[in-house]
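Throughout, read-outs are computed from the coordinates displayed, never taken from laboratory work. This one's a predicted model, so the numbers in the text were calculated from it and none came from an experiment. Positions of Cβ are backbone-derived with ideal geometry, glycine not excepted, and every protein chain shown enters the neighbour counts.
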Amino acid sequence: MMIENIVCTGCSLLCNDVDVEVQASSIKRTRGACSHGDSRLKGFQQNRLRRPLIDGTPTDIDKAIEATTERLKSAKAPLIYGGECSSNRTIELALKLAERLEAYYDAPPSICRVVIPIQEELEIKSFSLDEVLDEADFIIYWGVSAADTHLRHASRYAVMPRGSVVKMGRESRIVATIDARESMTMKISQHKILIDPCFDTRIAKAIADLVDGYSPSLDDVTARQIAILVSDLKRASFVALFLGSNILRCNYCGETVRGILESVRRLSARYKCSVHPMAENVNSYGQAKIMWKTLKTCSPYSFKEKKSAEPLHVLVARQAIDFVLAINSDVLTQIPLEASRSLRMKLACTTELRSITQENSVIAMPIKILGVEAGGVVTRTDGVNVDLKPFITNDEVPSEEEVLSRLLASI
Ligand code: SF4
């Protein structure tokens, strides 16, 4: 059976124009998906955990929830971790659970967690991707290769399509890519600026200075490249800036993003500007947004001390955490191997697929695949909420929202 216009959960673009052919609870064929979406959708039945496990022994979900409840209740310093691959409702439940347990809460690093607080503070706007499609005539990819990470970003929204204002599509748009290394996206860019790592703020300031008529102090080659870029920029009316996770490689990424956004604020006096973090996982944006709205911070958080906590690898290294509930998130891959050893068998997890974290968990709870077997709202990389509808029935495992609701009710 062919099902049309499902939402692909292969990345945070959440393309809603993908068709799938379903046979016997599997997806045999996709139409319209990129290679990432195709492998997410066609591969969702592979590498799955079919039954809950306690100490490696198959059990049922009631016993797994009961065992997780006991371990969380008896822990002195538990951590609830994840949300980037979960629905918004699950993230809210995870935060409530962490609050009730006076636990730590954290999720994987994300450019969204850096950009959203600074963007709000500096009151810099973000228009939807549909508005970018219609109107944006100057596209900047900064610290991201969308051609490698968000495969349909250029073709569906930002570069190729014809919009109501940008009527000629690709021919009416200028594309600039700024990054510390060569990328595939540079191949479709008129302007390719390779910068030294952590040099971003100076480049952003140089662009704003030149637009305002000041001479930037840069080396000759970069100054010439920026001058050519700015001569194109001066003819534009709507600038859309996409910030990617390569910026996180800089130790001072918060200061870097602040520097870039302060320059965008100066550009906003002349142009319509829109800033977007390129969310790394399907709901990295929702995770950061909900955390910011709830806690007014996107840093690791201690509900016991009611303030931001140390980074996860520091907490783990000094053994400040004695039990972790990972919410469909591979927490063990986020910390150094040596530190991660101390967490083994102090873990419980919900999980769509088998993972390193699941293999080292004392309790593992399989869940329905979000956007295929389970519905829920997630947030697209431009901040627009998207309602996912399940299209394959699976009564063998619960949804993640159900598991979190039951855990919350039992604590
Ligand atoms: S770009 Fe992302 S959402 Fe769109 S089809 Fe590819 S993986 Fe799916």
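Details
- Shown for segment 112-277 is the translational diffusion coefficient from the Stokes-Einstein equation, using the Kirkwood radius over Cα pairs, a temperature of 37 °C and a viscosity of 0.692 mPa s: 209 µm²/s.
- Put in line by how crowded their Cβ is, counting other Cβ atoms within 10 Å and starting with the fewest, Phe303, Phe242 read Phe303, Phe242.
- Segment 1-41 and segment 338-379 have their alpha-carbon centroids 23 Å apart.
- Fewest neighbouring Cβ atoms within 10 Å first, the residues Asp232, Asp179, Asp330 line up as Asp232, Asp330, Asp179.
- Most mobile of Gly169, Gly244, Gly56 in a GNM of the chain (Cα contacts under 10 Å): Gly56
- 3J(HN,Hα) along segment 317-327, derived from phi through the Karplus expression 6.51 cos²θ - 1.76 cosθ + 1.60 where θ = phi - 60°, amounts to 4, 9, 6, 7, 10, 10, 7, 10, 10, 8, 8 Hz, with x in place of Gly and Pro.
- Out-of-range pairs (alpha-carbon distance over 28 Å; input Lys187/Lys234; Lys272/Lys306; Lys167/Lys187; Lys96/Lys272; Lys187/Lys293): Lys272/Lys306; Lys96/Lys272; Lys187/Lys293
- Taking every DSSP beta bridge that has both ends in the chain, the antiparallel portion is near 35%.
- Cross-link partners of Lys28 among lysines (Cα-Cα below 27 Å; sequence separation of 8 or more within a chain): Lys42, Lys368, Lys389
- Using alpha carbons only: equivalent-ellipsoid semi-axes of segment 1-46, gyration tensor based, whole Å: 16, 12, 8
- Helix 220-233 and the longest principal axis of the C-alpha atoms of the chain enclose an angle of approximately 90°.
- DSSP bridge analysis restricted to segment 291-407 gives an antiparallel fraction near 40%, rounded to the nearest 5.
- Order of Val316, Val22 - criterion: other Cβ atoms within 10 Å of each residue's Cβ, fewest first: Val22, Val316
- Pairwise centroid distance, computed over Cα atoms, of segment 215-240 with segment 291-329, Å: 41
- With q set to 0.16, 0.20, 0.23 Å⁻¹, the log10 of I(q)/I(0) for segment 214-314, from the Debye formula over equal scatterers at the Cα positions, is -0.92, -1.23, -1.44.
- Karplus 3J(HN,Hα) series, Hz, for segment 358-370 with 6.51 cos²θ - 1.76 cosθ + 1.60 (x for Gly, Pro): 4, 5, 9, 8, 6, 10, 10, 10, x, 10, 5, 6, 5
- Choice from Met345, Met291, Met365 with maximal GNM fluctuation in the chain (Cα, 10 Å cutoff): Met345
- More than 41 angstrom apart: percent of Cα pairs within the chain: 19
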